[in-house]
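The values are calculated or read from the model by the stated rules, or taken from the named source; none is laboratory data. Note that the coordinates shown come from a computational prediction; the quantities given were computed from them, not determined experimentally. As a convention, Cβ positions derive from the backbone with ideal geometry for all residues, glycine included, and neighbour counts pool all protein chains shown.
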Amino acid sequence: MEKYLNILSNSFTGYFHYLVSEITSPVWNSYFYWLLGLSLLIWLLEIIIPWRRNQKIFRKGFWLDSFYILFNFFLFSLIGYNAISNVGVAVFHDFLNLFGMENVVAFKVQSYPVWAQLLIMLVIADFIQWNVHRWLHKSDFLWKFHQVHHSVKEMGFGAQFRFHFMETVIYKSLQYIPLAMIGFGIKDFFVVHMFAVLVGHLNHANLRWDYGPLKYILNNPKMHIWHHSRALPEDRRNGVNFGLTLSLWDYIFRTAYVPDFTDDVKTGFENDEDFPETFWEQLKLPFKSKTN
C-alpha cells in the first residue's frame, strides 16, 4: 500500500512540475504551446473562410469550449487522473507478477521504422476509439456522459474538447491493454497525438472541407457535422459517422452517412432545450438519476 501511496503522491507533484515546465520552459514538443498554436490556427481559418457565414466569431459556447480545452487537456490530469492512472498501471503490473509475467506484450515493433510504429499506433488506437464511440451512443448509461459533447449548438474547433471527463477514463482504460500488447518502442507519441488533435479541431471547425479523395480515410468537417446532427435517419437512431481521426471505419462497417449538403444542419439531440449550459452543471448531470 505504501508503494501505491508514494506513486500517487509523486504523480501529483510530478505532473504539477511538468505542467509548470511546459509553460515556462517550452521545448519543441510542448503540448501546451502546440495546442494553443493549433487552436489559434484553426480559429483563424474559421474567421477567414467560414462555412456558415452568419455564425459569429465568438459563437455560442465559445468560452465554455475554451475552458473544456484547458480542463480536459491539462487540469483533469492535475486534479487526479494522472495520479490514479499511474497507480492503476502499477497495480496491473503487480498483478501480472503474481503469475510470473512482466508484461502482456504479444509482439514487438521496435525493429520497425519510426513512421511505421506511429502509423500502427494511430490505426489501432483509432479503431479502438471508433468502437468505444459507438458504445457511448448505444449504451443508455454512457450516453448520459456523451450528451455533454452533443450539447454543442454551433460547431467550432473548440467543440472537440467539450466532453465529460468520464470519457477520458473510458477511452484510456479500454485502450491501455491492447496498446500495451504491441510493445511499442517509442516512448513519446507526440506526433500521433497532436495529429489527432489537429484532425479533431478541423472536424468540428466552421470549415466546409472534405479533403477530396482523402475523405474516405480522414474524418472531416463535412462528414462530422452529420454525427452531431439533431435529425438522424430513422434506421440509424444510435448515430452515424463515429470516426475520430479516421473515417475509413465508418465506410468499412457502413456507418457512414454524408447526404447532399445544406448549410443549415441543426446540431444537438432531441429534447435538449433544457440541457445545462454551464461547465459545473454539465459535469454533475450524468450522475443524477434522470437525464434527457
Which numbered condition residue 55 misses (of (1) surrounded by fewer than 18 Cβ atoms within 10 Å (Cβ to Cβ); (2) in a helix (DSSP H, G or I); (3) of a type outside the set (Phe, Trp, Tyr); (4) in contact (Cβ under 8 Å) with a residue 40 or more places away in the chain) = (2)
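Just one of 139, 229 is surrounded by fewer than 16 Cβ atoms within 10 Å (Cβ to Cβ) and either in contact with a Pro (Cβ under 7 Å, 6 or more places away or on another chain) or among the small types (Gly, Ala, Ser) (or both); which is it? Show your work before the answer.
Values: 229 fails: surrounded by fewer than 16 Cβ atoms within 10 Å (Cβ to Cβ).
Just a single option satisfies the conditions, and that option is 139.
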From the residues in the range 233-248 that are of a type outside the set (S, T, N, Q), part of a loop (DSSP other than H, G, I, E, B) and touching a residue at least 24 places away in the same chain (Cβ under 8 Å), which one is farthest from residue 146 (Cα to Cα)?
-> 233
Looking at residue 162, is it at pLDDT 95 or above and buried (at least 21 other Cβ atoms within 10 Å of the Cβ)?
-> yes
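Kindly evaluate residue 131 against the criterion of being at pLDDT 85 or above, assigned to a helix (DSSP H, G or I), in contact with a helix residue (DSSP H, G or I) (Cβ under 9 Å, 6 or more places away or on another chain) and exposed (fewer than 15 other Cβ atoms within 10 Å of the Cβ). Full working, then the answer.
On the way: at pLDDT 85 or above: yes; assigned to a helix (DSSP H, G or I): yes; in contact with a helix residue (DSSP H, G or I) (Cβ under 9 Å, 6 or more places away or on another chain): yes; exposed (fewer than 15 other Cβ atoms within 10 Å of the Cβ): yes.
The answer is yes for residue 131.
Out of all the residues in the range 251-287, which are of a type in the set (D, E, K, R), part of a helix (DSSP H, G or I) and either in contact (Cβ under 8 Å) with a residue 12 or more places away in the chain or farther than 24 Å from residue 135 by Cβ (or both)? Please lay out each step first, then the result.
First pass over the range 251-287, keeping only residues of a type in the set (D, E, K, R): 254, 260, 263-264, 266, 270, 272-274, 277, 281, 284.
From what's left, part of a helix (DSSP H, G or I): 281, 284.
Scanning the range 251-287 gives a single hit, 281.
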Could you look through the range 170-192, keep only residues that are buried (at least 16 other Cβ atoms within 10 Å of the Cβ) and either within 18 Å of residue 151 (Cα to Cα) or modelled with pLDDT of 85 or more (or both), and pick out the one that is farthest from the chain's Cα centre (by Cα)?
-> 192
Starting from the range 154-179, take each residue that is within 26 Å of residue 42 (Cα to Cα) and list its partners that are buried (at least 24 other Cβ atoms within 10 Å of the Cβ) and of a type in the set (A, V, I, L, M), counting only C-beta distances under 6 angstrom and pairs at least six apart or across chains.
-> 157/205
